[in-house]
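Accompanying notes for the structure given below.
The values are calculated or read from the model by the stated rules, or taken from the named source; none is laboratory data. The structure presented is a predicted model; accordingly, all values stated were derived computationally and were not measured. Don't worry about glycine lacking a Cβ; one is built from the backbone with ideal geometry, like all the others, and counts go over all protein chains shown. The area values use the complete protein model at the heavy-atom level, side chains included, leaving out ligands, DNA and RNA. Shrake-Rupley method; radii C 1.70, N 1.55, O 1.52, S 1.80 Å.
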Amino acid sequence: MIRILLIGPPGAGKGTQAALLAQHFGIPAISTGDIFRENVRNETPLGLEAKAFMDRGEYVPDSLTNALVRDRLNQEDAVAGFLLDGYPRTIDQVEELDDILEETDKKLDVVVQLTADSEELLRRLSGRAQEQGRSDDTPEVIKRRLDVYEEQTAPLIDIYASRSLVAKVNGLGEIGDVTNRIIEVLDARGLVS
Ligand code: AMP
């Protein structure tokens, strides 16, 4: 079993690849964005609190996000392996994830960094806005989300690189080609059995 983080800017294709990889490896894809959206849809207390941040393109506070992930990772299906999509996104979240894993004697296997140039990101995010009508896909909020990623999340790549965990993958092109590229880099690290 494998423990993967997927990291990259909004629009890089993390959600799409997360679902395909999770299927390939038989592990759960845990997307904090999806979990928040589901809570917003169901108007849970967490959803009501998270929505205000999401609609502005800001991150949901670490205290809420960390509690959610801790709970999710302790569920039975995530014990042997998992893929985290969109978490951690802040240094505080990196520390929380380190703690959660340490407590149960587990280690991350790899951090897949999915890349795409900013023109392509904007093109994809505005296309998705039309298709899915996500409330955080308006032009201003898209810009804010890209800026917040650069400010708060891009620095995490250095942290994981210093642990030799980062595998960088070009996220441009056909969806299946990108999945194959990811599987290749995982294979090169001896992570595909
Ligand atoms: P995503 O679908 O991953 O782009 O997430 C959509 C929104 O959910 C983000 O813009 C944030 O408002 C919130 N969100 C998702 N994951 C996190 C996280 N790890 N930390 C804080 N906020 C998050």
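Numerical summary
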quantity	calculated
Lysine pair count for the chain [Cα-Cα under 25 Å; pairs on different chains or 8 or more apart]	9
Geometric extent, Cα atoms of segment 85-134 - Rg, Dmax (angstrom)	16.0, 44
Whole-number percent relative contact order across the chain, with pairs defined as alpha carbons under 8 Å at least 6 apart	32
Accessible surface of the chain [probe 1.4 Å, protein heavy atoms]: carbon and sulfur percent	48
Förster-model FRET efficiency, 41 Å R0, S126 and D105, C-beta, rounded to 0.05	0.40
Net lengthening on full extension, T44/A80 (0.36 nm per residue, minus Cα-Cα)	10.1 nm
Highest average packing first - 50-62, 167-179, Cβ atoms within 10 Å	50-62, 167-179
Accessible solvent surface per residue of the chain, calculated while the other protein chains remain in place, 1.4 angstrom probe, Å²	51
Förster radius 22 Å - calculated FRET efficiency between A154 and M1 (Cβ-Cβ, nearest 0.05)	0.15
Inter-probe distance in nm under a simple model that places probes 7 Å from Cα toward Cβ, at H24 and A188	1.4
FRET efficiency, 1/(1 + (r/R0)^6) with R0 25 Å, evaluated for D62 and S164 via beta carbons	0.45
Sequence-separation-based contact order of segment 35-74, relative, with Cα cut under 8 Å and 6+ spacing, percent	23
Binned Cα-Cα distance frequencies in the chain - 10 Å width, integer %	9, 37, 39, 14, 1
